[in-house]
Amino acid sequence: MVKILDTVSGGAPERPRAEKPRHPEKANRPDTPVKRKPDWIRVRAPSSGEYGETRRIVRENGLNTVCEEAGCPNIGECWTKRHATMMIMGDTCTRACAFCNVRTGLPDALDTAEPARVADAVAKLGLEHVVITSVDRDDLDDGGARHFAETIRAIRAATPATTIEVLTPDFLRKPGALEVVVAARPDVFNHNLETVPGLYLKIRPGARYFHSLRLLQRVKEIDPSMFTKSGIMVGLGERRDEVLQLMDDLRSADVDFLTIGQYLQPSRKHAEVMRYVDPEEFKGYETTAYAKGFLLVSATPLTRSSYHAGEDFAKLRAARLASLGH
Ligand code: SF4
């Protein structure tokens, strides 16, 4: 999921890992060419003291982050600001999306002490806003919904002023799961569509476009006050008209906030970057998305679901108040 998302990669240092191949299902795929990154994608290697401190807190609390697992190019900037996006329910995903760098396979049993450790890390990092995402857990009867809810409750108990954003899997074929997460009242409910429907079979084969869209719509139906958010990657071979249709679909589902970022290829076994979308095109997407009625849009090459999520949450609240005439 995380994925995105923040499911895209590009620059974080590899964590030392032993044993099993990271993506066994991709091992026999033919290699795809890796395109050279344009200048506007390049980022500096992480080095600050604050970065090291964030890393220490994450390690000491035994947590996984999507920042590392997805190899996110923004890790230097985000971790310097102590913004780590926690990835709960283990480091192994039951799906095998073609774009995603998160390890795939059979996950371990859920760690019931994890919600408390996440809450402790949030307190130590002093986060005003936290993004919690997870691997996909098709092996669990509720897809991990109760674990998400436990994590939200643990953070609320430890740091009541922290606002909470969840970036969830699609809970496909897990009836009642979505409702469990919404009932725990996160401030922002994010679920990424990742790409246009025509590319689902190739890029996100285990997911269903209309199911994901409906999930977002359901959140708003259950709790109209909850902010909803979704994101896609571009550069996977989508056409502009398909992206515009996807924007319309998200607006029909009453989604408030859209993120669009450049797909980066984690390895030769992952889906190929078909194109680097230039910053002007991103600007064009942003303008069009605002015209379609999103409260907030972030569309830049390095945009990821959780990039600047805290600042964006403040903007989201302000935009809602402004739209209500306050
Ligand atoms: S953009 Fe998100 S995933 Fe990437 S480093 Fe920042 S918080 Fe982590």
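Only helices enter this figure: runs of n ≥ 4 DSSP H residues, each worth -39500 (n - 2.57), summed and divided by the residues of the chain, yield -10500 deg cm²/dmol at 222 nm to the nearest 500. Springs join every pair of Cα atoms under 10 Å in this Gaussian network model of the chain, and among Ser252, Ser230, Ser134 the largest mean-square fluctuation is at Ser252. Checking the cross-link pairs Lys229/Lys292; Lys81/Lys124; Lys202/Lys229 against a 19 Å limit on the alpha carbon distance flags Lys202/Lys229 as lying beyond it.
Expressed as a rounded percentage, what relative contact order does the chain have, with Cα pairs under 8 Å and six or more residues apart? Spell out each step's value before the answer.
Working: 654 pairs, mean separation 63.7, N = 326.
Worked out over the chain, it gives 20 percent.
Working note: Debye formula, equal point scatterers on the alpha-carbon atoms of the chain, no solvent; log10 I(q)/I(0) at q = 0.06, 0.12, 0.13 Å⁻¹ is -0.18, -0.76, -0.91. Ignoring lysines fewer than eight residues from Lys174 along the same chain, the ones with Cα atoms less than 19 angstrom from its Cα are Lys3, Lys220.
Let me have the relative contact order for region 146-265, percent, based on Cα pairs under 8 Å that are six or more residues apart.
Numbers: 161 pairs, mean separation 29.7, N = 120.
25 percent.
I need the calculated FRET efficiency for the pair Glu60 and Met226, taking r as the beta carbon distance and R₀ as 30 Å, to the nearest 0.05. The calculated FRET efficiency here is 0.40. Could you tell me what percent of the DSSP beta bridges with both partners in the chain are antiparallel, to the nearest 5? That works out to approximately 5 percent antiparallel.
With charges only on Cβ, +1 for K and R and -1 for D and E, what is the dipole size of the chain about its Cα centre, in debye, rounded to 20? Once rounded to the nearest 20, the dipole reads 500 debye. Amide H contacts under 5 Å for Thr163: His129, Val130, restricted to partners 5 or more places along the chain or on a different chain, H placed in the peptide plane at 1.01 Å from N. Take each peptide in 282-291, 176-185, 191-200, count the other Cβ atoms within 10 Å of every residue, and average; sorted highest first, the result is 191-200, 176-185, 282-291.
Label positions at Thr32 and Asp139, each projected 7 Å from the Cα along the C-beta direction, are separated by 2.7 nm. Taking each residue as 0.36 nm, the span from Arg42 to Ala157 lengthens on full extension beyond its C-alpha to C-alpha distance by 37.5 nm. With the simple spin-label model, which puts each label point 7 Å out from Cα in the Cβ direction, the Arg268 to Arg239 separation comes to 3.3 nm. Shown for region 200-311 is the translational diffusion coefficient from the Stokes-Einstein equation, using the Kirkwood radius over Cα pairs, a temperature of 4 °C and a viscosity of 1.567 mPa s: 88 µm²/s. The residues neighbouring Leu140, those whose beta-carbon lies less than 9 Å from its own, together hold a net charge of -1 under the Lys/Arg +1, Asp/Glu -1 convention. Partner lysines whose Cα lies under 20 Å from the Cα of Lys37, excluding those fewer than 8 positions away in the same chain, are identified as Lys269, Lys283.
Read-outs: derived from the displayed coordinates by stated rules, not from any lab. Just so it is clear, the model here is predicted, and its values are computed rather than measured. As a convention, Cβ positions derive from the backbone with ideal geometry for all residues, glycine included, and neighbour counts pool all protein chains shown.
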